[in-house]
Amino acid sequence: MLKVLVSGGPVMIPIALCAFAATVIIVERLLFYATIRKGQRDLLPRIRASIDKGHYEEAGAICDTVEGPVSRLMKTGIAYRDYTETAIKEAVMNEANREIPRLERYLSTLGTVANISTLLGLLGTVTGNIQAFGVLGNMGTMGNPAVLAGAISEALVTTAAGLVVSIPAVIFYNYFIAEVNRMVTEMESSVSDLVLLLVAGRKKHEVQA
């Protein structure tokens, strides 16, 4: 296998770097999104139970136990609970604007790696074909078949390597984009539920007072 990769020529070096970068990003994002999903499954019900009892400090403490965008948005909303509904929404949306870049971190890099890998494979194909035609031009029909085969091998290996890196990168890029969109939708839904909960809880305690 190593001999085959080496036969791809110098273009294999940037392709290998792209493969390394894509692998690191994919693993990091998978772990990141898995951590978020795990921590936020039962977050809103726990916070709702605390707010219903008027225990806002307890609700804020619950947010601190979970690492993720939804928990930070909810903590912001709880901190602004004494403000108007519009002010709460604005504060939470400002926090959401800071959270979304965290969700999208490295995704543009992954998309770039996917595109560059394909182009590098094409570049290797072109350089390999140039070398092959150079062999034919210099040696004619009686040229050394081994040299010609080496040039053609370089063209084919780099094409295959570029696609091997690019295809998984594109698949995971699209998956991560869909995951981010799902999380943003979940954040919007959770924020709406929280604002309604805070407003209702405030009115409830005002009546009781």
- prompt: residue 81 fails exactly one of the following numbered conditions: (1) modelled with pLDDT under 80; (2) in a loop (DSSP other than H, G, I, E, B). What is the number of that condition?
  reply: (1)
query: Which members of the range 36-68 meet the condition of being within 19 Å of residue 199 (Cβ to Cβ) and assigned to a loop (DSSP other than H, G, I, E, B)?
result: 53, 54, 55
field: Check on residue 71, surrounded by 18 or more Cβ atoms within 10 Å (Cβ to Cβ) and either touching a helix residue (DSSP H, G or I) at 6+ places or on another chain (Cβ under 9 Å) or in a helix (DSSP H, G or I) (or both)
entry: yes
- prompt: (1) without any contact (Cβ under 8 Å) to a residue 24 or more places away in the chain; (2) under 24 Å from the mean Cα position of the chain (by Cα): which one isn't true of residue 15, the others all being true?
  reply: (1)
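The values are calculated or read from the model by the stated rules, or taken from the named source; none is laboratory data. Being a predicted model, the structure only gives us computed values, none of them experimental. We place every Cβ from the backbone using ideal geometry, glycine too, and count neighbours over all the protein chains shown.
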